[in-house]
Structures are given as structure tokens and as C-alpha cells.
Amino acid sequence: MTNPETPKESVAPTRAHKEYDFFKVVQDYLDRAAKTIKLEPYVQTILSQPKNELIINFPVKMDNGEVRLFKGYRVQHNNLLGPFKGGMRFHPSVTLDDVKALAAMMTWKCALMRIPYGGGKGGIKFDPTAVSKAELQRITRRFTHALGENIGPDYDIPAPDVGTSGQTMAWMMDTYANMVGSGNKQSVKGVVTGKPVASGGTLGRAKATGQGMVFCIVEWAKANNFNLEGSTMSVQGFGNVGSNCAVILSRLGVSTIAVGDHTGYLLNPEGFNAHKLQEHVAKHGSIKGYPGGKPITREEFFSTKADIFAPSALENQIGEAEAKALDVKIIVEGANGPTNPAGEKILLDRGVVILPDVLANSGGVTVSYYEWVQNKRSESWTEEEVDDKLERAMVRAYREVADFARTHKVDLRVAAYAIALQRIESVYREREIFP
């Protein structure tokens, strides 16, 4: 099963998606947050571009004997606070600018969550669902080998993202382990996170991003006297992130009434059985064919009235039309950059709360950090230990962001960026610039 948000989140908007300058959007948020905290200009200059941008064209022999050339990326944005950290995305729409934007966001996430990592991101431009498992393995291993010493457990640590999974990480780890001396094979398990538990992964990692979203929603509900019991939600993207968020919230009495992914949208006013739908997606790769809902259009999906909306697919899904149609109290961003600036302005003007990606979906990288620590210490924590640590981290971050937003009269996204920038700036001030 591919990781979260299944690659082809809306086939129709492909052209628009390519015209969408995601990196510029992230830069604009950086500018707004920098003005809010009067960030040192030299720090903003450093953070405005990644430290390293790798583009690797590598050949792979396919099952039919044909040799295909693939284009892979690894962008290393900043490693002031620790090793570069970020996912590997396998998707036809992967571009250098998108990977740059996602790498920068990882820098802010790690700083916000007080994790000793910097930001990185990578990917390969292809459709992983259009190749065999044997081809997928060869593509993954060849890319890992081509990256060579540009990744490492103390330098740059990949993880799953759209179109990749624990299996992908197991192949990457094994390839890397076979590239180092035999005496180091056991000490390099931390070169990737999001691995299967048997191969050195951590309990609680698969649901970590969705779990973190839930901790944020629960904290927001407490702060706003909102009763989650009996409330409703809609979820776009029912892969790892969206499905786990829905399943965990269902235990708190939240009913998922509308879902969608790259194959279409379904409505069930009585509420889906989130667990059964999750099993269906795990087996079939999408929500298509699930018998428990009525097919609806994308437009109908976005106009479905619900209390909570969890966009957990790809970026640039909520534009002006979607923002005007949405009838929700709160949006919790499971995906990175699902709300574009025009849509965000409309939603904020309407009083819709947006729990931003930098905060809401950072449970994934936080538990990745816990996995890395366990690998380094040769430890194995219980799921309860992992969940407990994650809850404390998410609650603290939510409160810091909410307090900053209230004090400085800015939205939650700018607040999250600003807190991250303050932490990075303080380290630059202390360490200064070499030489």
C-alpha cells in the first residue's frame, strides 16, 4: 500500500497544479512571519534558499528489458538544528520547486516541534502505481545508491511521503547498509525512518501524522468549548494520514460523512465505518468500489456541511471556489499546503479556523525522531510511550502557536512560522556565520 494520500489526487487539475508556484507560496509565508518578529535580514537571506539541491538522473532496467532514465531529487534546506530530515515522494508531478517548498516546510516543522533536525525533502518523478513491485524496488535501490553519501543517519534522513511506504524505506535502508562497511551495517538503521517495525521502525509511526492531527483538534475543542462527541467531518485523501485521523476521531464520537481521493468522492450522511473504509483502501488502493457511500462530485464534496474538514491529499486543493463552498468550523491540514493563499484568505475572513500543516501534520516527523532515537540507543519503546510523548509535544506546540497568534494578532500559520523562525534565529545569533 502506498503512503498517505495516494498519488493522483485529482486528475483534472493537473495543468493548474503545475502552474501553482508552491515554493513562492512558502516564501511569502516566510516573509510575513519574518516581518511579524522583525527577523534579522541575514537570517531570512540564508533561509530563503536551500543549502543543497541535488538532481540525479539514473537508469533502471525494467521488467521488459528496456532501460528507462528516471529523474530524482533531494533538497537539503537547512541543517543548523540537526541532520536534514524529510520524506521521499514518488509521484508524476514531482518538481524541483515543489521539493524545495516541502524541504523548507520541514525546517519550520522541526524547529516548531523542538526536534533536533533540519529540513529536507526528495522524490522521483514517476507514477509508482504504473510499475511492478520488482521495478519499484529496483528504482528505489538505484536512487538510494545514486544518492550515496548525500544521505546518512547523522546527515540526511529520508522518510515515507506520497507514493512511498514502510516497504520503500526498508529497501532504502538495506541498500544504504550494503554501501557501508560490514562493521557498520547494524549502526545505520537510522538512515531512514518510517520503516516497518520488524526492520527497526517504531510502534505508533504508521498513525503518527493522523494521531498528531487528532491531538491538535482535541486541544482546539477544549479551548473553544466544542464537543467532539456527535460532530461530523469530511476527509480528502484516505491514505495513511486521512484514514488514521478519521479512525482515531471516530473513537471520540466524530462521524466521517464525506470522503474523497483521486478516484472520486463518496457521501454517507449516517457516517462511514472509518475502520472498514481504511481496510478497503489498504486492500484496493483507493475508496473506489466501497459500498457504504453514495458517489458525489468534487463540488458536492466541498459543499457538504460538516464540523471538521481534514484535507490529507496533495497541495493546492482549496482555492477560491472550494473556500467559498466549504461549510465547516475548522480545517486541520493533514497534507502539506492543501490551502492556497487565495482560498485561505476567504476562509479566514469567514471565521473558519485553519490548523496549519506546519503544526497539524508534524506528528509524523516527531515520531520519526522517536524512531531515530530508538535506533541510536538500540531501544524499543511501547506504543503507549510513543503516543504519550507525541501528545505532550503536540499539545505544547498547539498552545504556543495559539498564544502567539492571540498575542500578535496573526493567523495560526504565520504564528507557527514565526515561532520556528525565532528558534532558528537565536541559534544563528549564538553561533554566528563561519568563517
Could you please tell me which pairs satisfy a Cβ distance under 6 Å, a separation of 6+ or placement on different chains, a first residue in the range 279-292 that is without any contact (Cβ under 8 Å) to a residue 60 or more places away in the chain, and a second residue that is among the aromatic types (Phe, Trp, Tyr)?
-> His280/Tyr290; Ile287/Phe238; Gly292/Phe272
Among the residues listed as Ser231, Ser187, Ser243, the single one being surrounded by fewer than 24 Cβ atoms within 10 Å (Cβ to Cβ), touching a strand residue (DSSP E or B) at 6+ places or on another chain (Cβ under 9 Å) and polar (S, T, N, Q) | Ser231
Any idea which of (1) buried (at least 24 other Cβ atoms within 10 Å of the Cβ); (2) free of Cβ contacts under 8 Å to residues at least 60 places away in the same chain; (3) acidic (Asp, Glu) is the one Asp261 doesn't satisfy?
-> (2)
Look through Ser286, Ser312 and report the one residue that is in contact with a helix residue (DSSP H, G or I) (Cβ under 7 Å, 6 or more places away or on another chain) and polar (S, T, N, Q).
-> Ser312
Count of residues meeting criterion [part of a helix (DSSP H, G or I) and more than 24 Å from Asp327 (Cα to Cα)] in the range 247-302 | 9
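Yes/no matrix, rows are residues, columns are (1) at pLDDT 95 or above; (2) hydroxyl-bearing (Ser, Thr, Tyr); (3) touching a Ser or Thr at 6+ places or on another chain (Cβ under 6 Å):
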residue: Arg15; (1), (2), (3): no, no, no
residue: Tyr20; (1), (2), (3): no, yes, no
residue: Thr36; (1), (2), (3): yes, yes, no
residue: Tyr42; (1), (2), (3): yes, yes, no
residue: Ile46; (1), (2), (3): yes, no, no
residue: Pro59; (1), (2), (3): yes, no, no
residue: Glu66; (1), (2), (3): yes, no, no
residue: Leu69; (1), (2), (3): yes, no, no
residue: Val75; (1), (2), (3): yes, no, no
Considering only residues of the range 148-184 that are in a loop (DSSP other than H, G, I, E, B) and in contact with a Lys or Arg (Cβ under 8 Å, 6 or more places away or on another chain), which is surrounded by the fewest Cβ atoms within 10 Å (Cβ to Cβ)?
-> Asn178
Inspect the range 322-336 for any residue being assigned to a helix (DSSP H, G or I) and free of Cβ contacts under 8 Å to residues at least 24 places away in the same chain and give the result as yes or no.
-> yes
Verdict on Gly253 being among the small types (Gly, Ala, Ser), in contact (Cβ under 8 Å) with a residue 24 or more places away in the chain, outside the structural domain of Gly152 (by TED's automatic domain parsing) and buried (at least 24 other Cβ atoms within 10 Å of the Cβ) | no
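The values are calculated or read from the model by the stated rules, or taken from the named source; none is laboratory data. On a predicted model such as this, the values are computed, not experimentally measured, just so you know. Cβ atoms come from the backbone with ideal geometry, glycine included; neighbour counts cover every protein chain shown.
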